[in-house]
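All remarks here apply to the structure that follows.
The values are calculated or read from the model by the stated rules, or taken from the named source; none is laboratory data. Because the structure is predicted, anything quoted here is derived from the model rather than measured. Every residue, glycine as well, gets a Cβ built from its backbone with ideal geometry; the counts of neighbours run over all protein chains shown. Keep in mind that these areas ignore ligands, DNA and RNA; they rest on the heavy atoms of the full protein, side chains included. Shrake-Rupley method; radii C 1.70, N 1.55, O 1.52, S 1.80 Å.
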Amino acid sequence: QVQVVESGGGLVQAGASLRLSCSVSGRTFRSLAMGWFRQAPGKEREFLAAISRQDGSSEYADSVKGRFIISRDNNKNTAALQMNNLKPEDTAVYYCAADPWRIYGGSDPSNYNYWGQGTQVTVSS
């Protein structure tokens, strides 16, 4: 089966940038649509960004549009989330997810079959 592992989280100050990476194994990476989600204490899992497996088309949640950028490298079997101008409200556990059935996974977490264990991002003010 597919294994997904996130890395790159940490503690940063407001306004800083951070880049999260997602390593995928067990399946041809280019066959997977990828997405990033996050979950803060007391809140539901929140969609952040998605990227297709066909042409790299992407979409973003309004809360991160203009600040976050999703990308993928099919030769290295990795996806990334570049996060700029981080805010305290961005503090959460960040998850990478993969959808093996659709060209575009979209914003619904139920579309994604494989999930990483998450990486903590904490933004101080």
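Overview of values
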| quantity | calculated |
| --- | --- |
| Candidate aspartates and glutamates for bridging to LYS43, where Cα separation is under 13 Å - those fewer than 8 sequence places away on the same chain excluded | GLU89, ASP90 |
| Accessible area per residue, Å², the chain with all protein chains present, probe 1.4 Å | 52 |
| ³J(HN,Hα), Karplus 6.51/-1.76/1.60, whole Hz, each residue of the stretch 63-71, x for Gly, Pro | 5, 10, 4, x, 10, 10, 9, 9, 8 |
| Extension gain, SER125 back to GLN1 (0.36 nm per residue minus Cα-Cα distance, nm) | 40.6 nm |
| ³J(HN,Hα) computed for each position of the stretch 38-49 - Karplus, 6.51 cos²θ - 1.76 cosθ + 1.60, integer Hz, glycine/proline x | 8, 9, 9, x, x, 10, 6, 4, 10, 6, 10, 7 |
| Those trypsin sites (Lys or Arg not before Pro) in the stretch 31-125 that DSSP places in a loop and that have at most 10 other beta carbons within 10 Å | LYS43 |
| Rg/Rh (Cα only; Kirkwood hydrodynamic radius) as it applies to the chain | 0.94 |
| Protein accessible area in the stretch 77-125, 1.4 Å probe - carbon and sulfur % | 46 |
| Label-point gap, in nm, between SER63 and LYS43 - each point 7 angstrom along Cα→Cβ | 0.3 |
| Using a Förster distance of 30 Å, the FRET efficiency for ASN111-ALA16 (Cβ separation, nearest 0.05) | 0.45 |
| Förster-model FRET efficiency, 22 Å R0, SER23 and ASN74, C-beta, rounded to 0.05 | 0.95 |
| Those lysines that a straight Cα-Cα span of less than 29 Å connects to LYS76, excepting residues fewer than 8 apart in one chain | LYS65 |
